[in-house]
Every structure is written in C-alpha cells, then in structure tokens.
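See structure below.
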Amino acid sequence: MPTAIPLPSNVSPATVANTASLLRIVALLLISGAAIASRLFAVVNFESVIHEFDPWFNYRATRVLASKGFYEFWNWFDPTAWYPLGRVVGGTVYPGLMATSGVIYNILHSLNLPVDIRNICVLLAPGFSALTAWATYMFTKEMKDESAGLLAAAFIGIVPGYISRSVAGSYDNEAIAIFLLMFTFFCWIKALKLGSALFGTVAAVFYFYMVAAWGGYAFITNMIPLHALVLILMGRFTSRLYVAYSSWYAIGTLASMQVPFVGFQPVRTSEHMAALGVFGLLQIIAFAELVRSHVSSQQFKRLLYISVAAIGVLGGLAFVGMTYKGWIAPWTGRFYSLWDTGYAKKYIPIIASVSEHQPTAWPSFFMDLQFLIFLFPAGVVFCFRQLRDEHIFVIVYAVVASYFAGVMVRLMLTLTPVVCVASAVALSSLLDTYIDVREPEVAEEPATDNSTQGAAPTNGTNGSQATTPASATTTTKKAKKPAQPTSALGDLVSLVTSKTGKETVGVFGIDTRLTVILNALGMLVFFVFHCTWVTSSAYSSPSVVLASHGADGSMHIIDDFREAYYWLRQNTPQDAVVMSWWDYGYQIAGMADRPTLVDNNTWNNTHIATVGKAMASSEEVAYPILRKHDVDYVLVIFGGVLGYSGDDINKFLWMVRIAQGVWPDEIQEPNYFTPSGEYRVDERASQTMKDSLMYKMSYYRFAELYGGGPATDRVRNQQVPKVGPTLDYLEEAYTSENWIVRIYQVKKEDPLGRDHKTANSFTHGKKRKRSKPAPRRKAIAG
Amino acid sequence: MALRWCTSLPVLLLSYVVCSLAVEIQSFENTNILRTVELGGSQVQITTTFAIKALQPNAKTYTLALDVDEQEKTSWLEVRLKGQQEGLEMAPREDDTGRYVLLDVTLPKALAVNGTANLIVDSIQTGATFPWPEKAAQAADQALKYRSDLFVISPYKTVTQKTKLRSPSPGVISHTTPKNVESFTLGDPVTKSGATITYGPYQNIPASANSKFLDEHQQRVIIHYSYEHPVLEVTKLKRAAEISHWGSNLNIQDEVVLRNAGPTLKGQFSRIDYQHSSYYKKSVSHVIPAVTLHLPAGIRDAYYYDQIGNVSTSRLRTTPSVPKGSQANQYSFLELRPRYPIMGGWNYSFTLGWDAPLADSTSYDSKSGKYIVEVPVMTTIPGAVVKEAEVKIVLPEGATDISYVEPFPSTSWMFTYKTYLDTSGRPTLLFEYQDLTIKHAQSIYVSYKVPFSAHLQKPFAVSAAIFISFMFTLVGRRIDLTLHKQKVQ
C-alpha cells in the first residue's frame, strides 16, 4: 500500500494502542485544563465573587445547606423573601446545585481542607465544564470515534455558547445541568446500543440528578421519547429499544417524583405526557410483536388495524378528558411562548420582560458558536451517512434544539452541545480523510468511473464538473487534484453515498493534504482566538462589579452595588423591608441580608405588579401601598450619572406593563409617553411620568450635581429639567458613590396626622392651599 | 514588671476584700498633686504627678485612691517614679464603702521621715467622653463632653492640688465652675486660657478618700469641647495568628467591627452634599472616609475584604523586612478605605489579613530547642479603642512544651484546632481582652518545641492517603464483577 509519508514499520500494534490511549488521556486533561482556565477570566479580572442575580440566591441557599445541614435546608421557610408572604424554599427550588456544592464542601472539610463555601460555589461551574467536556467526548465517541470525541470535547470546552453560562462565579443551575444533559444522553445511547438495563438505569439516575438540578430537564423528558418515537416510526423497534426506554422511563420518572418541586408533575402535566405516551406505545408494540410471533400474519394485520385505531382513539379521548377534568395540567405560559414568540408579550409580560427570553438575534449564533455553526449542518449530513440509531438521535436533537435556540436566547445553551458534537463529526471526517497517509492505488479507469458516477446522479448541478475528472483520470495526480476540492458538497455527498472503492478513492501527495489540514487548523486557531476574546470581553463580567477603563487602559472598579448593599446590611435594622424591582431581590437578600418584597423567583405576578404600581404611581398613591407592605426602604438603580444603561428607568416600561396587567384602570402605558409617542425623561416627559415615584427617585437632586449647568442623563442623552422633582413621602437615605444605587426611606405617618405634603410645606414655611382637603387619611384607612 | 491595670480586675479585687483595714495612720502627705488631662476622642490620657513626703520612718507603701466610677473608665494605669521608666508594683484593694478603690504602691526603697518622692501615675480612660449634642447633621461640627471629678482623692492630706484639662483645639465650648470651694482657694476656682482649663490650685485638702469628704466636697466637672477628629471605636476585634513552619509564614488575620462613636447622623446621608463638601475640601471632622494603618514591615499578600467580597479601594505600601535587632521603626502602610464613608453611628465590618516571613517574628533557641514567636496583640487603628478583643494563636501541628508570656493579664484558653490537611490538630492559644488602648499594643510571646517527626506528619499523611487510593484503584481494576461472561469472539 502506498503512503504519502514513510511510516515506521517496526511498531507493534500494542504500542500504537497504548500510545493512542495515553495521548487521549493527556488530550482530555489538557482540554479540561483549558475549559477551566478560560472560565477564570472573571476571577482574574475581578475577584472570586458570585455573579449576576440568580446565583446570589443559589449561593445563599448553599450557605444555609452548608451551615445547617440538608434537613434544615429541606424544610427552610424563608420569611424574608416575598414579604409578607414568605417562601417555602425547600419545596420551590431545584436542590441539585446546592446539594452538589454541599457535598463537595463536606468532603473537603472532612479531609481538613478548609475551603470557603463561596469559592466552591464560584469554581463549581468551571469544574463541571471539565466534566462536560469528558461527557461530550464519551457521547461523540459513540457517534464516530475517539478523535471526533476529542474534537467535540475541545469544542464544548471553550465554545462561548456554553461559557456564557458557566464562567467562574456564574453559580446557576446550568453550571451542572449541561454535564448532566450530555451524560444522560450518553447513557441513553449506550443503553440503546447495548439494550442494557444497567445503562438505562444509569441514565435514569442521571436524569434524576438533572431533574433535581434544572427546570430544563423537560428537554430530556421530551428528547428521549421523541427519539424513541422516531425510531419506531422508522420501523427500528428492537428489544434493545424496549429495554432501554422502559428501564429509563420507569426508574427515571419514579426518581424524579422524589424532588418536591417536581412532585406529581411527571404524571399530571402536559409537558411530561409525551414520555408517558411513548412508554405506553412501546408496551403495545412489544405486545404486538409478541402476538405476531404467535398468530398468522393475515390475522395479525386485521388485529393490528383494529387495535391501533381503538387505542389511538381511546388514548386521545383519555388525554383530552383528563386535561378537561384538570387531572392533567394544560400547557404553561412559558411553554406556549416556545411556539408563539409573541405570546408572552401579549399575555405574560413578566416572562417577556426577561432579556434572555427574547428570540435570538442572528449575530449571536456566530458570536456563540463561530465556525461551528457552519460545520454543524455538515455534521448532521454526516450522520445520515451511517444512520445508526444514535445518529438519528443527533439529527433529532439538532432539529429540535435549532428551533428552540431560535426562539429563546437562553436555549442557545441546549443547542451548543449538539453543535459541538456534529461539528466535531464533520471536522474529524475531514481530518480523517486528509491525515490518512494511505494513498489510493494508481487509478484504473473503471474504478474511478464508478466513484464519480456514483456522485453524479445524486448531485445534478455538479454533473458537468464530475465528468471532467472522469475524463482526465488518465493524466497525472496533479490534474486530478484541483478537481477534488472544487465542490466540497459534491465531495461530501459522494462520500456519503458511495461506499465502494475505498482503496481507489483517496488523496494524493502531501501538498494537498497540507492545504486542507492547514486550512482546518487555521479555522481552529481562529476559533480559539474568537472564544478567548468573547469570553474575556462579553461573558466574564460579574455585573455586580462593573469596570471602566481609563484612557491609559487602567481598570477602574465601580463597586456601587456592593457599597449600597453593604450599607444596608450594616446600618439598617435587621428587619427593615426593602422594596425594589424584582431583578435585585436576590442580590438584596444575599448581600444586604434584608427582607424584600419581590425577587427573581417571579412566582407571584400580583405581588410584582404591586411593586410596579407603586413605582409607576405618584407619591400620594404609592405611599399607602408602601405603608401597607411595611416598606422601610425603596431602592432604585439609576445609571444617569455614569451611563449605566441597565437601570430602572430603562426597565420602567415593563413595570408599567406588568402593573397594567393587574390594574388596567389605574396604570396605562400610553400615559408614560409624550404625546408624540416618545419615551422621554426631559422637560417634554409626560406629567404622569414626571409624577411617578420611579422618576422622582431617580432624578431627585440630580440636576444639582451639575451645579446649574445642563444636567444630562448620560444613558438617555437627554437634559433633565433644571428644577428637579421633590419628595414628600420619602427621603433620600443613601446614594452610592456613582449614584447607581439610590436608597430612600419611607417616612412614618406624620405624628400630627397631617399628610406629608402638608407637613412638608408647613416646615418649608409655605401657606397651605385652602382648597386642598387631606385625602390621604382616607386612603390609609381604606 | 509592673502590674498593669485592667477593668477585668474587679474579679481579682473581690478576692482581695481586705480584712486589714488598719487604723488610718497618716504615713504620707501630698505636698503637691498635678493632674493633666489630655482630652481626646475615645481615649483620654491622664498624667497625675504626686509629690509625696513621708511622715513616718520606713514608709514603703504608698496608697493611691481611685473613684469607682473612674476606675471603671480607666483601662490602663501605670505608676512610676519621676525620671524612671520602670513601673512600680501595685496591689489593689477595695474599700468597703464601695465608692473608691485603693492601690498599694510599693516604693523601690523606703523613705525616711520627711523624705520626698515624685510619683507619676499614667492612665488612659476609655468611654469617658460622649458626643454632645448626641445627634449632628452631616455638615455640622462635632463636640464632645468629658466628665471628671474635681478633686483627686487620696487617703492622705494634700497641701496643694491642681487639675489641667487640655483640649486638642481651642474650641472649648463650656466648662463647669465648681461651687463651695472657697475653703480651699481664695482665687478663681477655675481659669481658662486658650485650650487649657485649669481647676485650682486648691490648698489644704484633708484626707479625701472617705465618704465624708466625697459627700461634702467632691463634685463633677464637665468640659464641653469641639473635637475635629473622628471618634473611632472597634466593637470587636478577632485576631488569628497562624504559624506555619513549612511555609515559613506567619499569617495574621483581623476581623474588625468598626464603629463611628461620634454623634449619630441627624436626618439622612446626602451623597450630593458629601460630594460637594469633599470637592470644596470642606471635609467634615466626624466622618471616617479612610483609615491608615501601620502594618509590620516585610508583609506580603495582604487582603482586605468584608462579608460580601473584596474591597478594592485600599492601597498598600510595603516596606522590606527590617533585620532583627535594628532599632529602625519601619512599617508597611495600609490606606484602608471602607465601602462607604462611615458617618456618625454607622458601622463597618471588615477582615484584614497578611502574610509575614516567620523569621521576622520568631527566633530559635538552640540551647533549649525552643522556638519563640512574637505576636502583637493588635494593630492600632489610630485613636480607636478596642472594646473586645480575641487573639488566637495557632501553633504548628505537633508543637509541645508550650508556654507564653503576655504583657497584661487576660482570660485565656488552650485547645486544638484542625485546619489545612491536619491529622492531629494544632495547639491553639486563645486570649480575651477588653478595652484596649494605644498602650496595649504590645506583644504576646509564645515558646514551643516542634519535634522533627511533627514536621513530617503532614507529608506522610498526604502520601499515605494517595498511596491507599492508588492501591484501591489497582486492586479495584483487577476484580471482575461481570455476572455473565461475554464469549470471546
């Protein structure tokens, strides 16, 4: 056999195998190292701190678990959240993440390694990303081979789409969920391939872990049944499928029901019905197979028709009936918004108000996946080449995840693994072809004709090109070369379709190989650069700590959030209730340790709407609401001084919309726009806007900062009125250094029974308008 | 070695309830008492000079009297002869009236009749001042009140005595004019010149450490003065010093709860006013924007964080280690800026720690084979008084023959503490103190032995653990648990 480069001949196969296995281990270790290291930008640039919003709750819960033990955590009722309602945390949380950290914490401490629980939480996501890389390796190995596995592991290790949810400090459910997702899928594939009840059970155990860890478990719950269903429809029912699915479903469902937050949902809600249906279908089919092996085919056909029709009708009726009766819960709003992207905006503004629930923009596909997004379709096509059961899984997964990723930004996360797997399959096929040192036998005409003709009919447009090399095969290799890469797709399809003539199809020479391999390497290198850049610049900001860069590139830390939260923690009474928009609820609970009205666990829309109403109303209207909820402090985020765009004025319209959903008579969105329909904060802002508590609290004494000069809001680039708003019912209690966080104290009722407006004008020596009655007392009484 | 005064002493005092209430024979006479009070924020320094004359031969024990109220405030007291550094020995005993405490000072040599000596009593009072008005607006000035007794009491007759109160700034707002002192003075009972208020001189005061005099003549004087520095108070200080021979490192970590004990903020904090006043350099005296600390030379890896993370606003200027025995006073400076300016009545808690080369504070005595390590009780925060302090010294694992010398008495415990990869735990000393002032910034000396085997304990334990896990894997991989053997194809 001719080879492109000389190969050593005296190497034993055992040495080759051992070296390959050692190299794989080293490569996997390096990939793990790279995956962990690239997630540490946030720690290096800032510090070991918990990021964003939800992680603060998870961190707080983990601290409870670590300090008080698992049973205390299980029964934890948090009276400080959703004041005055409280929250049963143990029953309304996916405890997988906290339990994982708690177990790690306890193991380390039993070894006398006094690692702080915060550091465990911060570094959990990077650690699990290394495990994800390994799980992806195992999964892809089942698809193609080890080298594709390694590529997939490397991709998932550094791809921004996954890093975005797993940088150090991003202590969220997704941190461990992607590992569990991939590993469950791997176990499922393994169970399906071997027909092994053991792997089915392992899949069920990891499915249980996934259920305990992330609400996105429903993706597995529907993905595996869908795969099974597709296999059945393709006529690929086997006893292996039956064993794998039944063991996974039975054990997995029972196990998942042990999570209190999930409870009876697996048998009562529509999202889980597909899994149950497929389970039933599999039993029927297995039974039918059994029957078929005992009766004649004629009888069997009739029997089959009748029973299929009867069971279908019965099943459908039962499902409708049970939904109607309320035994099966109908689809939830979040689920509807997966099918109709406009649904949430119309009916559930609180879901639509979250930025990560928005449909994905095209550039973010490239940003998160770079060249993988181009390789991804190629990889899926490669799956059609062999089309084993597991390839069907990847194809189904690719289709479903692509759709979901297009609907919601955050579901990009579920697309990323399959993109990595498919791209790795494609790229590894390419590399396999071109790194393979074997050269084809010097072509004899009939053989090459076969291969090209095999390609021609499948690819009509390339017909003319395909004939060109056929006629030129007698010439030297050089003539053949340019024809080969002319059409990558044609080449690919020919690879897919033709299985004959393995030895006669191949690559000649080193230069050809180098061209392609270097190209591929170049793409990989650019991918690494892209990933590093995106990770460091876009995904590694803790958002609790902001950074600005000076003209000389020096970094200046803006720490207003923690400044204000720490002030609250140290200098207000322990039971002072803080009202803020729900985004900051978890942070206040975590950092300031004070009761909050609403937080990021948005379970009570009315309560949130109440806060929205208080923020959107005038002081007189808001005051009774604040007093009734025992609010002591109101906290707003204001970016106008610094140009921090994620502030409350920019979120204000969502507050209005959510409040309007509950009180359509009192709060109307159009009132907050100028007559020409603009959203403004300057002189031309509408009176309702200027009277609203949010506007007043944001711009209170703001104009004075400019000492008489034009006071410009740097976020909205508008000049606010020179005479700023005045406050009667609240007083400024604290404003952070860069004015990002402003805290106001709610005044207690006037001891003389006046309303605060009158009291204020009295202290300022103004005459009371005679015509004005005091309507406030009535409102308080009511 | 002087026995220094501490408020934890009442326990000790009780055991002293003295039966030796001998007949009061006047063995001494005070020819002159001069008390100088340096008014301050949370600490007030008092120097009292007693010019004494012996009336009896062989007079060796001079007795000081201290009002109970004053004794409670005094957190440091030292008696020495004028011109000498060494403190004199003191033995406290309680008077059964319960209104004052007596201190027996043993003079270095007995005085003959009419022999004279000058005794200097240095003391520091904490909690003796209080802000007045109790609440102050953000831009208002700060004023404090100091309360004291008019007469320095003594069990002996006093020929003449005088009290000087010196305010740090000329702004003395008001002071009490004592009444009914005509029997002691002919001139003004009190004079004020600039920042100094002088009470006296008062002549021919009888023995005053008795209920009769206290009831008839003793009275309170109150000075109201403006004070232009913040009044700092450390509510709780927890220091942990961890000695590591493997890392040749002394790690010291302080957990500090800082409080502005000045007048509490009236109304609310206004950022814009604060920014304006700092822009126009009209800094307000009672706000703490930053604190500068003197840390030891040669430290590294300093860290400063609070309950919610790193505080990135501080600056550290380190100085290299000073060779042992050199007299140079060199420090590393830490400019510590809290997250927010600490207004009156506000709290701020933080953790500050650093690593220092162990050689800087340890020495090895090859004769006895003992290490001696020096651990400072506290790092002074300028002007602050430490209400409660806890010093924990963690010795290396396996240290034996532990003994310690502390600069002043405390409550202490010893226990073992398990941390980083320990198997048997580290012996740990814990000391508890109250009301520490600038004079208490001294060191505890601990000596201990570490046998060579103790050094090897940790690497041995770790390698044993790794070895066991390897063996386990080795064996585990060779056990076949398959139920059905696959047929070899």
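Nothing in this text is a laboratory measurement; each read-out follows from the coordinates by a stated rule. Quick caveat: nothing in here was measured; it's all calculated off a predicted structure. Using ideal geometry, Cβ is built from the backbone for each residue, glycine included, and neighbour counts are taken over all protein chains shown.
Quick notes on this one:
- What the Cβ-Cβ distance of A:Phe366 and A:Leu194 gives, at R0 = 41 Å and to the nearest 0.05, is a FRET efficiency of 0.60.
- Extending 7 Å from Cα along the Cβ direction at B:Asn32 and again at A:Leu524 yields two label points whose distance is 9.3 nm.
- Centroid-to-centroid separation of region B:189-262 and region B:425-489 [C-alpha atoms, Å]: 47 Å
- Degrees separating the helix B:452-477 axis from the principal Cα axis of chain B, which is the longest one: 30 degrees
- Nearest 10 degrees, 0 to 90: helix A:605-616 Cα axis against chain A principal axis: 50 degrees
- In this structure, the residue pairs whose Cα-Cα separation is over 24 Å, taken from A:Lys141/A:Lys193; B:Lys324/B:Lys418; B:Lys367/B:Lys392; A:Lys613/A:Lys748, are B:Lys324/B:Lys418; B:Lys367/B:Lys392.
- Which listed pairs, of A:Lys628/A:Lys696; B:Lys179/B:Lys387; A:Lys628/B:Lys266, have C-alpha distances above 24 Å, in listed order: B:Lys179/B:Lys387; A:Lys628/B:Lys266
- Hull volume in cubic angstrom per residue (convex hull over the Cα atoms of region A:560-748): 107 Å³
- Note on B:38-48: average number of Cβ atoms from other chains within 10 Å of each residue's Cβ is 0.
- For A:Asn112 and B:Ser412, a Förster radius of 22 Å and the Cβ-Cβ distance give a FRET efficiency of 0.30, rounded to the nearest 0.05.
- Inter-label distance for A:Thr341 and A:His294, nm, one decimal - labels placed 7 Å from Cα along Cα-to-Cβ: 5.4 nm
- Averaged over the residues of A:734-743, the number of partner chain Cβ atoms lying within 10 Å of the residue Cβ comes to 3.
- When each of B:Lys109/B:Lys212; A:Lys747/B:Lys145; B:Lys238/B:Lys439 is checked by Cα-Cα distance, pairs over 29 Å: B:Lys109/B:Lys212; A:Lys747/B:Lys145
- MRE, 222 nm, helices only [DSSP H, n ≥ 4, -39500 (n - 2.57), over the protein assembly as shown, to nearest 500]: -13000 deg cm²/dmol
- The peptide list A:732-745, B:372-385, A:585-598, put in order of mean Cβ contacts within 10 Å with the highest first, becomes A:585-598, A:732-745, B:372-385.
- Gain in span if fully extended, A:Val230 to A:Phe261, counting 0.36 nm per residue against the direct Cα distance: 8.1 nm
- Distance from the Cα centroid of region A:540-577 to that of region A:578-641 is 19 Å (rounded to whole angstrom).
- B:Glu182-B:Ser368 FRET efficiency (beta carbon distance; Förster radius 60 Å; 0.05 resolution): 0.35
- Here's the list of aspartates and glutamates a cross-link from B:Lys53 could span, going by alpha-carbon distance under 12 Å and ignoring same-chain residues fewer than 8 apart: B:Glu29.
- Note: relative contact order over region B:232-453, using C-alpha pairs below 8 Å and six or more positions apart, is 25 percent.
- Whole-angstrom gap from region A:262-292 to region B:65-80, using each part's C-alpha centre: 85 Å
- Average beta-carbon neighbours from other chains, 10 Å sphere, peptide B:266-275: 5
- Debye log10 I(q)/I(0) for the protein assembly as shown, one point scatterer per Cα, at q = 0.05, 0.06, 0.08 Å⁻¹: -0.54, -0.74, -1.12
- Order by protection proxy (mean Cβ within 10 Å, highest first), peptides A:724-730, B:228-234, A:236-242: B:228-234, A:724-730, A:236-242
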